[in-house]
Amino acid sequence: MQIKKFINRIKIYYQNYGLFKLLKQFISKSIVSIGLVEDIPQARIRLSNHIYNISKGKIMYGPLKGLILDKNFMSWSRVDLGSIILGFYEQEVLEELVMISNTRKVFIDVGAADGIFAVGLLGANIFDQSICFEIDDQAKRNILNLAKKNNLENKITIYDEASVSKMQSMNLISWDDVCLLVDIEGDEFDFITSEMIETIKGSSLIIEIHDQYTKNPNKSKSDLKQILIKEYDIKIITTSSRDLSQIDEIMHLHDNDRWLLCSEGRGWRMEWWVCEPKCN
């Protein structure tokens, strides 16, 4: 399944950017892989390890401050660890989640990865309950480990793949009390259907948009918007500025390293659609 997705993304990259850029990517990654140079992801891992060590494995800033991490149980978040600890990672999304939590107390994370948000939001008492959907087996183990490390395993539930039928079976929760975050690497365009919206309507919904993983980004976004606008008002947010001036722990790092800690390693400017029910 994952290999098929990877191959499909290579095809889309070739269609969008051509053979020259594809070969350039392949050659540059090959040079890095044999250790001739340190690429940006490697530099970010080096910096993340440094921040992890000086923080003793705890998030130091932002809404998730105090969450105890374990870098040995990280698949998706390892490169972003420094940004996570300093409170920069998806800062705009976290701000939205904090605001939404004023009226909703159940957090559902579709594509929960290593569980940083799902567990961290519980640890910070921002939400009372977290429900995770994650198809990767190691990531599911990472979520459980993180929950146990923070004594929150009794407040979190971990499922496999999310679907309409699974959502329909969750009759012990009220969708009016739910905030649902969807981050599934381009599959959001298949996941969010009219039937899904009919099932979860009443919930707050944040969707991370990966339109560049589709063959026709503009059409993909247009089709998704047509499904959503029947029930939701949509606000689009994107990555904004970061303020490093108040973080003493990195004041002596080189400028390049300090600003690299703000990077989320994205291939394009990411956007999230924050969707609130029209009735609200």
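The values are calculated or read from the model by the stated rules, or taken from the named source; none is laboratory data. Quick caveat, the model's predicted, so the values are computed rather than measured. Here the Cβ positions follow ideal geometry from the backbone for every residue, glycine too, while neighbour counts run over all protein chains shown.
In the list Leu121, Leu67, which residue meets the criterion of being within 15 Å of the chain's Cα centre (by Cα), buried (at least 19 other Cβ atoms within 10 Å of the Cβ) and not β-branched (Val, Ile, Thr)? Please lay out each step first, then the result.
Values: Leu67 fails: within 15 Å of the chain's Cα centre (by Cα).
Of the residues listed, the single one that is within 15 Å of the chain's Cα centre (by Cα), buried (at least 19 other Cβ atoms within 10 Å of the Cβ) and not β-branched (Val, Ile, Thr) is Leu121.
Looking at the structure I just gave you, is Leu146 crowded, with 20+ Cβ neighbours inside 10 Å, touching a residue at least 12 places away in the same chain (Cβ under 8 Å) and in a strand (DSSP E or B)?
On the way: crowded, with 20+ Cβ neighbours inside 10 Å: yes; touching a residue at least 12 places away in the same chain (Cβ under 8 Å): yes; in a strand (DSSP E or B): no.
Answer is no for this residue.
Suppose we keep only residues that are among the β-branched types (Val, Ile, Thr) and not in a helix (DSSP H, G or I) within segment 244-280. Which one would you say is modelled with the lowest pLDDT?
From segment 244-280, those among the β-branched types (Val, Ile, Thr) are 247, 250, 274; that's our starting set.
If we keep only those that are not in a helix (DSSP H, G or I) too, we end up with 247, 274.
Working: Ile247: 94, Val274: 98.
Among those that are among the β-branched types (Val, Ile, Thr) and not in a helix (DSSP H, G or I), it is Ile247.
Please state which of the following conditions Trp175 fails to meet, knowing it meets all the rest: (1) in contact with a Gly (Cβ under 7 Å, 6 or more places away or on another chain); (2) surrounded by fewer than 18 Cβ atoms within 10 Å (Cβ to Cβ); (3) over 30 Å from Gly267 (Cα atoms).
(2)
Check off (1) within 15 Å of Arg258 (Cα to Cα); (2) modelled with pLDDT of 95 or more; (3) assigned to a loop (DSSP other than H, G, I, E, B) for Val79 and give me the number that stays unchecked.
If we test Val79 against (1) within 15 Å of Arg258 (Cα to Cα); (2) modelled with pLDDT of 95 or more; (3) assigned to a loop (DSSP other than H, G, I, E, B), just (2) comes out false.
Could you identify the single residue in Gly66, Gly87, Gly62 that is touching a Phe, Trp or Tyr at 6+ places or on another chain (Cβ under 7 Å) and part of a loop (DSSP other than H, G, I, E, B)? Write out each step before concluding.
Numbers: Gly66 fails: touching a Phe, Trp or Tyr at 6+ places or on another chain (Cβ under 7 Å); Gly62 fails: touching a Phe, Trp or Tyr at 6+ places or on another chain (Cβ under 7 Å).
Sole residue among the options that is touching a Phe, Trp or Tyr at 6+ places or on another chain (Cβ under 7 Å) and part of a loop (DSSP other than H, G, I, E, B): Gly87.
Sort through Asp183, Asp187 and tell me the only one that's buried (at least 20 other Cβ atoms within 10 Å of the Cβ), out of contact with any helix residue (DSSP H, G or I) (no Cβ under 8 Å at 6 or more places or on another chain), in the same structural domain as Phe133 (by TED's automatic domain parsing) and under 28 Å from Tyr13 (Cα atoms).
Numbers: Asp187 fails: buried (at least 20 other Cβ atoms within 10 Å of the Cβ).
Result: Asp183 is the single residue among Asp183, Asp187 that is buried (at least 20 other Cβ atoms within 10 Å of the Cβ), out of contact with any helix residue (DSSP H, G or I) (no Cβ under 8 Å at 6 or more places or on another chain), in the same structural domain as Phe133 (by TED's automatic domain parsing) and under 28 Å from Tyr13 (Cα atoms).
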